[in-house]
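What follows is a short report on a single structure.
The values are calculated or read from the model by the stated rules, or taken from the named source; none is laboratory data. Here the structure is a predicted model, which means the values were calculated and not measured. All Cβ positions, even for glycine, are placed from backbone atoms using ideal geometry, and neighbour counts span all protein chains on display.
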Amino acid sequence: MRIAERWAYAAVMAGVAGHASSEFFSKLSGVAGPEVSVWRYLLGGFGLILWALWDRDSRDLLAPLRAEGLRIVWLAFFGVTLTYLAFHWALDYATVIQVATVTTTIPIFVALANWVVNGQRPGAVKIVTGIMATLAVALLLTDGALGALAGGGQTLWGLLLAIACAAMGSFYAVMVKPVMARHGSLRIVALTMMIGGIGLWLLVGAAWDVWVNPLALGERAPLAMWSLLVLALWNTTVTQLMWIGGLSAAPDITRASYLFFLKPVIATALAVVFLGTLPSALQVAAIVVVTGSVFVEMFWPRLSRAFSRTA
């Protein structure tokens, strides 16, 4: 998929909006987390396959599988099946705002994954932003612990699942990058999402005895049906294309990726307006810390010079 440079930031912003609204439509569907993950990636992955077949440069989907099929299947299982099972399952226990804030730390986890996988040690700015992200997660965990002590259920379990999602998704992003460089991003995204969706169908069916039949979507209640369709086609097919295509076309990919940190703000607005979920003081503090880490990274050269002068 080719996006003109002048539309790159707008495409990235559309991708961020898609990522930010995925928690909202998951909740709106009223379907349990493990099952909704199957609906999302079976339908959304199929949409990406159709888009790849339509694109002249990406329609040969068999070539990557012939070259390194086992690697692609493993990446799909690890980076889609397990990652998004954890993501949607987390929403059964934690709020939209909590899950959105935790998963916004993915760029910080990417730095850690890049260190582990490629030996590229994070610089000082990444260490500072990583500490800030850890503080934000600690605030959310404290909020969950207080809720549990007050009889609020299993919020901690939901937050741990969200952390697992962020960590696994980050390692997937690092490990899949060279595969995308060899075969093209659209082809590999389509293959891993579709294969990962099939893996979700098998895993959820075997573990929960819930065998999703995509042909029975029309039998769902209207709100559930439309929520699942939006989650699959907008939050998965279109969002992935806008996010990846926009980042590829952006003149400054780092600056473009900073838009991802708007995710908890958008998710919070949707939760407040449409779900009536008001953030707690600790959740607001966590959002401020996470989004603040972006500004630390953006203005790090100025900050480091200011600290040097004062010292």
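A few remarks follow.
- Residue 43 satisfies every condition listed in (1) within 16 Å of residue 263 (Cβ to Cβ); (2) surrounded by fewer than 23 Cβ atoms within 10 Å (Cβ to Cβ) except (1).
- Assessment of segment 32-40 against the conditions (more than 18 Å from the chain's Cα centre (by Cα) and either surrounded by fewer than 24 Cβ atoms within 10 Å (Cβ to Cβ) or within 21 Å of residue 188 (Cβ to Cβ) (or both)) yields at least one matching residue.
- Residue 203 being under 17 Å from residue 46 (Cβ atoms), in a helix (DSSP H, G or I) and among the aliphatic types (A, V, I, L, M): no
- Cross-chain or 6+ apart pairs with Cβ under 6 Å, segment 216-229 first and assigned to a helix (DSSP H, G or I), then hydroxyl-bearing (Ser, Thr, Tyr) and surrounded by 11 or more Cβ atoms within 10 Å (Cβ to Cβ): 224/29; 227/29; 228/29
One line per residue, one yes/no per condition, for (1) surrounded by fewer than 22 Cβ atoms within 10 Å (Cβ to Cβ); (2) at pLDDT below 85; (3) closer than 15 Å to residue 109 by Cβ; (4) under 15 Å from the mean Cα position of the chain (by Cα):
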position	(1), (2), (3), (4)
132	yes, yes, yes, no
141	yes, yes, no, no
151	yes, yes, no, no
161	no, no, yes, yes
166	no, no, yes, yes
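- Where a residue in segment 174-203 is on the phi > 0 side of the Ramachandran plot and modelled with pLDDT of 90 or more and its partner, wherever it lies, is not in a helix (DSSP H, G or I) and not β-branched (Val, Ile, Thr), with Cβ under 6 Å and at least six apart: none
- Any chance residue 269 is under 15 Å from residue 96 (Cα atoms), free of Cβ contacts under 8 Å to residues at least 24 places away in the same chain and either surrounded by 19 or more Cβ atoms within 10 Å (Cβ to Cβ) or out of contact with any Pro (no Cβ under 6 Å at 6 or more places or on another chain) (or both): yes
- Within the set 102, 137, the sole residue that is surrounded by 15 or more Cβ atoms within 10 Å (Cβ to Cβ) and at pLDDT below 70 turns out to be 137.
- Condition broken by residue 287, with the remaining ones in (1) surrounded by 15 or more Cβ atoms within 10 Å (Cβ to Cβ); (2) farther than 17 Å from residue 107 by Cα satisfied: (2)
- Residue within segment 241-258 that is out of contact with any Leu (no Cβ under 7 Å at 6 or more places or on another chain), of a type in the set (Asp, Glu) and outside any helix (DSSP H, G or I) present: yes
- Subset of segment 65-99 (residues that are buried (at least 20 other Cβ atoms within 10 Å of the Cβ), over 12 Å from the mean Cα position of the chain (by Cα) and either modelled with pLDDT under 85 or over 20 Å from residue 201 (Cβ atoms) (or both)): 93, 94, 95, 96, 97, 98
- Test: residue in segment 10-29 that is outside any helix (DSSP H, G or I), among the aliphatic types (A, V, I, L, M) and over 17 Å from residue 223 (Cβ atoms): no
- Residue within segment 211-224 that is farther than 16 Å from residue 81 by Cα, surrounded by fewer than 19 Cβ atoms within 10 Å (Cβ to Cβ) and among the charged types (D, E, K, R) present: yes
- Cβ-Cβ contacts under 7 Å between residues 6 or more apart (or on different chains), taken from a first residue in segment 37-66 that is farther than 26 Å from residue 88 by Cα to a second residue that is assigned to a loop (DSSP other than H, G, I, E, B) and of a type outside the set (A, V, I, L, M), are listed as 53/59; 57/184; 58/184.
- Some residue of segment 252-273 being aromatic (Phe, Trp, Tyr), at pLDDT below 80 and over 19 Å from residue 169 (Cα atoms): no
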